[in-house]
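S.K.: Take a look at this one; I'll ask things after.
Coordinate-derived values only; no laboratory data. Keep in mind the model is a prediction, meaning the values are calculated, not measured. With ideal geometry, Cβ positions are generated from the backbone for all residues, glycine too; neighbour counts draw on all protein chains shown.
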Amino acid sequence: MQLISTDATARGIDVAGVKCVISYDAPQFIRTYVHRVGRTARAGRAGLAFTLLLKQQESKFLRMLREAGLPPLERQLVRSGQIRTLLPGYEEALAALQETVKGWREVIRTRLLRMEEDFVGLLEELLPDGILHTLAPGGHLGTGFKNVVSGSDDLRRERKG
């Protein structure tokens, strides 16, 4: 099984059977590193974690680990020729991930627009006449929404059709 995860989803999840974590983006904070590598070796089991670093990232990363009191890591030098055969599979997985993200973006966009319409309807019901002013085209909230939230007196209502 392969799992591709962001740092946000890596926190707190427990996926059974994860034996190896590969971080292809150097973590900026020790907490992020701990959460990433913590997806393996759960409940006292053994596991492996690799962090791929560019040469210029190495000293900062190792200093971060040292300052956190973590034991030294074993360095594994990987030459580009050694991973060249993995490139087609990586590109295929990346393309599949990109399609999945596109699909979710559309779902999220649609749901946010629906929520915005519901919110505007609720505001129109709750607020007295003359308070709500929608400025953006298509019925979407514009700067009038910011004014409603901030309590500005410079608001007015535009009637629809």
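S.K.: Find how much the distance from Cys20 to Arg105 grows on full extension, using 0.36 nm per residue of separation minus their present alpha carbon separation; answer in nm with one decimal.
M.R.: 27.7 nm
S.K.: Pop the C-beta distance of Arg45 and Ile13 into the FRET formula with R0 = 22 Å and round what comes out to the nearest 0.05.
M.R.: FRET efficiency, Arg45 to Ile13: 0.90.
S.K.: Going highest first, how would you order 81-87, 13-19 by mean Cβ packing within 10 Å?
M.R.: The peptides rank, most packed first, as 13-19, 81-87.
S.K.: List, in order, the whole-Hz ³J(HN,Hα) value for each residue of the range 31-38 obtained from phi through the Karplus relation with A = 6.51, B = -1.76, C = 1.60 and θ = phi - 60°; use x for Gly and Pro.
M.R.: 4, 4, 4, 4, 5, 5, 6, x
S.K.: Also, quick follow-up: Please list, in chain and number order, the residues 5+ apart from Phe50 or on another chain whose amide H is under 5 Å from its amide H, with Hs placed from the backbone.
M.R.: HN-HN under 5 Å from Phe50: Val21, Ile22, Ser23.
S.K.: Suppose R0 equals 25 Å. What FRET efficiency, 1/(1 + (r/R0)^6) with r the Cβ-Cβ distance, do Leu97 and Arg66 give to the nearest 0.05?
M.R.: 0.15
S.K.: Relative contact order for the range 1-77: what is it in percent, counting Cα pairs under 8 Å that are at least 6 residues apart?
M.R.: Relative contact order, the range 1-77: 31 percent.
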